[in-house]
Amino acid sequence: MSDAHSLPTVPGLAGHRSVLLTEVIALLNPQPGQCVVDCTLGAGGHSAALLERLKPGGRLIGLDVDPEALAIARARLTPLAEAAHVALDIVQANFRRVAAVLQELNAPPPNGILADLGVSSLQFDRPERGFSFRFDQPLDMRMDPTLPRTAADILREASEAELADILFHLGQEYRARAVARAIVARRREEPLTTTGQLEALVRRALRIRGHRRIHPATKTFQALRLAVNHEMDVLATFLSEAPELLAPGGTLAIMTFHSLEDRQVKQRYKALAATGRFQLPVKFVRPGAQELGENPRSRSAKLRGLRRS
Ligand SMILES: C[S@@+](CC[C@H](N)C(=O)[O-])C[C@H]1O[C@@H](n2cnc3c(N)ncnc32)[C@H](O)[C@@H]1O
């Protein structure tokens, strides 16, 4: 790989790999001088490769809600953009506001828009962010630290019925009621504030002993993360606005990591393709055997593209 892909020295960054990197670039197929929006900068891996293809004279606009990710992406991308003579805007914003951000920046209709959904390994592997039960840390789970409610707040404030709804609909936890009941019983005695407490509670509520291939708390943690960050609502807003922003011939590329997201993207793309104003250049793309071997976190990734006629 060229210098364009080199990473600044940040703890935890060495293990970070951009998922479906080659496939994303092939789908978006950016050309010199074009404008591309990366809605989920993360560590800037996809953006570093996009910059290479936009030079000279192109424009790259990158968004993220996480100030830590933005600092890493800025340090990595600024020198690359300067060397490539590509205009770079890095903005702290939720991609549900992408239309407003482009307007504020006076940007042309983009030729490509990318959203690589969910948390990054940088966030997931940082114990203090509270995304993972591999560490016992406060249950935070906010990608955007300015959001008012953490996962611990939801566990404290939501009713039993609300908790069961969250776990069932966002975690696809079919024993959601048992877990919700256990949460409410537990919080009457003491607040439930750490990832370790929640992991142990789910295990007990589901009466699971010993090792399982998929950890029994995975669904509960996914549900809470989606709820804390309003991820399904944000995706719905994004899907209603982003396609219309594209320049003629422009492509929207969305990478999903679980079936709830993927279903939403697939249905919206299908409805837009039926209007005749958009096309589906690929059905979907999944990581190949080599990527799966090198990066187990890519296992549930699905990339879908939508092209404006
Ligand atoms: C999977 S990572 C992206 C990794 C990146 N493509 C790379 O190659 O390094 C997802 C990033 O999107 C950000 N993010 C998630 N939801 C967001 C939203 N609604 N608006 C803006 N950024 C978001 C997260 O903070 C995280 O940094």
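The values are calculated or read from the model by the stated rules, or taken from the named source; none is laboratory data. Small disclaimer: the values here were computed from a predicted structure and weren't measured. When we count neighbours, we look across all protein chains shown, and the Cβ atoms used for this are built from the backbone with ideal geometry, even at glycine. Quick note on the areas: whole protein, heavy atoms, side chains included, nothing else; ligands and nucleic acids left out. Shrake-Rupley method; radii C 1.70, N 1.55, O 1.52, S 1.80 Å.
Among the residues of the stretch 263-278, the ones that are within 15 Å of the ligand (Cβ to nearest atom) and open to solvent by 10 Å² or more (accessible area, probe 1.4 Å) come to 1 in all.
All conditions in (1) part of a strand (DSSP E or B); (2) closer than 22 Å to Arg308 by Cβ hold for Pro108, with the sole exception of (1).
Within the stretch 204-239, the set of residues being small (Gly, Ala, Ser) and free of Cβ contacts under 8 Å to residues at least 12 places away in the same chain comprises Gly210 only. The condition of being of a type outside the set (Asp, Glu) and either within 10 Å of the ligand (Cβ to nearest atom) or touching a strand residue (DSSP E or B) at 6+ places or on another chain (Cβ under 7 Å) (or both) holds for only one of Leu88, Leu80, that being Leu88. Just need a number here: residues in the stretch 46-64 that are in contact (Cβ under 8 Å) with a residue 40 or more places away in the chain and either in contact with a Gly (Cβ under 9 Å, 6 or more places away or on another chain) or surrounded by 23 or more Cβ atoms within 10 Å (Cβ to Cβ) (or both). Residues meeting the conditions: 6.
I'd like the residue in the stretch 117-164 that is under 26 Å from Val19 (Cβ atoms), hydroxyl-bearing (Ser, Thr, Tyr) and not in a helix (DSSP H, G or I) and, out of all such residues, is farthest from the ligand (Cβ to nearest atom). Ranking the candidates gives Ser132 first. When Gln290 is tested against the conditions (1) outside any loop (DSSP other than H, G, I, E, B); (2) within 19 Å of His46 (Cα to Cα); (3) open to solvent by less than 60 Å² (accessible area, probe 1.4 Å), the lone failure is (3). Among residues that are more than 16 Å from the ligand (Cβ to nearest atom), open to solvent by 40 Å² or more (accessible area, probe 1.4 Å), over 25 Å from Pro127 (Cα atoms) and assigned by TED's automatic domain parsing to the domain that holds Ala26, Ala236 is not included. Among the residues in the stretch 142-153, are any outside the structural domain of Pro216 (by TED's automatic domain parsing), open to solvent by 30 Å² or more (accessible area, probe 1.4 Å) and touching a strand residue (DSSP E or B) at 6+ places or on another chain (Cβ under 7 Å)? For the stretch 142-153, residues outside the structural domain of Pro216 (by TED's automatic domain parsing), open to solvent by 30 Å² or more (accessible area, probe 1.4 Å) and touching a strand residue (DSSP E or B) at 6+ places or on another chain (Cβ under 7 Å): absent. Residue check: Glu82 meets all listed conditions (1) open to solvent by 50 Å² or more (accessible area, probe 1.4 Å); (2) touching a residue at least 24 places away in the same chain (Cβ under 8 Å); (3) farther than 22 Å from Val19 by Cβ but one, namely (2). For the subset of the stretch 169-211 comprising residues that are polar (S, T, N, Q) and in a loop (DSSP other than H, G, I, E, B), which member is surrounded by the fewest Cβ atoms within 10 Å (Cβ to Cβ)? Per the stated criteria, the residue is Gln172.
Of all residues in the stretch 95-116, those satisfying the criterion of being within 14 Å of the ligand (Cβ to nearest atom), closer than 30 Å to Arg297 by Cα and open to solvent by less than 10 Å² (accessible area, probe 1.4 Å) are Val98, Gly112, Ile113, Leu114, Ala115.
Here's the yes/no breakdown for (1) in contact with a helix residue (DSSP H, G or I) (Cβ under 7 Å, 6 or more places away or on another chain); (2) farther than 29 Å from Asn229 by Cβ:
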{"position": "Pro32", "(1), (2)": "yes, yes"}
{"position": "Cys35", "(1), (2)": "no, no"}
{"position": "Gly62", "(1), (2)": "yes, no"}
{"position": "Val65", "(1), (2)": "no, no"}
{"position": "Ala69", "(1), (2)": "yes, no"}
{"position": "Arg74", "(1), (2)": "no, no"}
{"position": "Glu82", "(1), (2)": "no, yes"}
{"position": "Gln92", "(1), (2)": "yes, no"}
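Would you confirm whether any residue within the stretch 214-225 is modelled with pLDDT under 95, surrounded by fewer than 12 Cβ atoms within 10 Å (Cβ to Cβ) and more than 14 Å from the ligand (Cβ to nearest atom)? Yes, the conditions are met somewhere in the stretch 214-225. Criterion applied to Ala158, Ala115, Ala151, Ala164 was being farther than 23 Å from His258 by Cα and at pLDDT 95 or above, and the one residue passing it is Ala158.
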